[in-house]
Amino acid sequence: MKSFSNTYIFVFSTIMVVIVAALLSTAAMVLQPLQEKNIEIQKKRNILSSIRIENNAKTAEELYDKYISNSFVINAKTEEQESFNAFEIEMGLEMRNSPDKRSLPIFISSLDDGTKKYIVPVHGKGLWGPIYGFISLNDDFTTLYGAVFNHDDETPGLGAEINTDWFGAQFADKKIFNNNMEFISIDLVKGGADPESLNEVDGISGGTLTSNGLEKMLYDCLGSYQTYFKNQMKNNK
């Protein structure tokens with residue numbers, strides 16, 4: 001009787017494990033398209049936020065189609081890579097490559113006032129995990145128009161402040177090139193930025209390591225585009 005009981009328990013447990021695994025697998029397959037759609041919408045929301053377009057999950061797709069007029073991918077030589085889809089490029093993966101091997105997406109926005117903004121993704125490392133976002137530039141290719149940042153694991157009230165409106169708003173009108181067309185990126189200054197500085201913003205109080213990571217992210221990612229930006233500035237003269 002004991003042997004039969006043990007066999008029964010073993011068989012029953014095996015069947016239950018198989019059933020649960022099948023249910024989880026089915027649920028994952030059913031939910032995957034929804035998860036991918038949510039990721040797509042969130043990315044569109046972030047791109048729109050970088051050009052100061054208010055949006056939500058319901059309006060993001062319509063507004064994205066309205067304001068993002070073009071997108072493309074360039075390589076380190078600024079050659080357009082026609083076989084690549086800018087929206088599908090993961091900047092975090094590209095930044096693992098050497099600078100000459102990176103595929104760099106660019107999004108172009110046409111705003112209601114007729115001006116064009118150029119949007120690029122940024123991705124780096126914070127204190128506890130990845131930090132990322134989008135930077136938009138005016139058509140002079142040196143003056144920032146907007147910025148939006150996010151994170152996965154930064155400390156609430158400290159490093160996590162990078163995804164607040166007040167922090168992103170500091171980047172508007174800052175410049176990533178000096179008057180000699182030298183790339184200077186953006187400096188995050190502990191204790192307060194000089195209001196007269198072309199490229200300084202306030203760092204996060206109590207979030208020094210996150211600020212340092214974001215500063216490096218901007219230098220590395222925007223620096224990857226500097227040849228393209230310089231070429232555009234020369235063409236505009």
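The values are calculated or read from the model by the stated rules, or taken from the named source; none is laboratory data. Note that this is a predicted model, so its numbers are computed, not measured. Glycine also receives a Cβ, built like all others from the backbone with ideal geometry; neighbour counts cover every protein chain displayed.
Tabulated results
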item: Some residue of region 193-202 being farther than 16 Å from GLN226 by Cβ and in contact with a helix residue (DSSP H, G or I) (Cβ under 6 Å, 6 or more places away or on another chain); result: no
item: Pairs with Cβ under 6 Å, 6+ apart, first in region 154-179 and closer than 21 Å to PRO130 by Cα and assigned to a helix (DSSP H, G or I), second of a type in the set (Gly, Ala, Ser) and at pLDDT 95 or above; result: GLY168/ALA147
item: The one condition in (1) modelled with pLDDT of 90 or more; (2) within 23 Å of the chain's Cα centre (by Cα); (3) of a type outside the set (Phe, Trp, Tyr) that SER205 fails to fulfil; result: (1)
item: One residue from ARG96, ARG102 being in contact (Cβ under 8 Å) with a residue 40 or more places away in the chain and farther than 20 Å from ARG52 by Cα; result: ARG102
item: Matching residues in region 189-225 - criterion: being within 23 Å of VAL73 (Cα to Cα) and assigned to a helix (DSSP H, G or I); result: LYS216, MET217, LEU218, TYR219, ASP220, CYS221, LEU222, GLY223, SER224
item: Qualifying residue in region 23-42 (condition: surrounded by 15 or more Cβ atoms within 10 Å (Cβ to Cβ), within 18 Å of LYS117 (Cα to Cα) and modelled with pLDDT of 75 or more); result: no
item: Lone qualifier among ILE108, ILE119 - being crowded, with 19+ Cβ neighbours inside 10 Å and assigned to a strand (DSSP E or B); result: ILE119
item: Residue check for THR59: under 25 Å from MET181 (Cβ atoms), over 14 Å from the mean Cα position of the chain (by Cα) and surrounded by fewer than 21 Cβ atoms within 10 Å (Cβ to Cβ); result: no
item: Pairs, first in contact (Cβ under 8 Å) with a residue 12 or more places away in the chain and closer than 11 Å to GLY191 by Cβ in region 203-216, second surrounded by fewer than 17 Cβ atoms within 10 Å (Cβ to Cβ) and among the aliphatic types (A, V, I, L, M), C-beta under 8 Å, six or more apart; result: GLY203/VAL189
item: Complete set of residues in region 67-102 that are surrounded by 15 or more Cβ atoms within 10 Å (Cβ to Cβ), over 15 Å from the mean Cα position of the chain (by Cα) and either of a type in the set (Lys, Arg) or in a helix (DSSP H, G or I) (or both); result: TYR67, ARG102
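Here's the yes/no breakdown for (1) closer than 20 Å to GLU94 by Cβ; (2) of a type in the set (Ser, Thr, Tyr); (3) buried (at least 20 other Cβ atoms within 10 Å of the Cβ):
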position	(1), (2), (3)
THR143	no, yes, no
LEU158	no, no, no
ASN163	no, no, no
TRP166	no, no, no
PHE171	no, no, yes
PHE177	no, no, yes
LEU198	no, no, no
THR210	no, yes, yes
TYR219	yes, yes, no
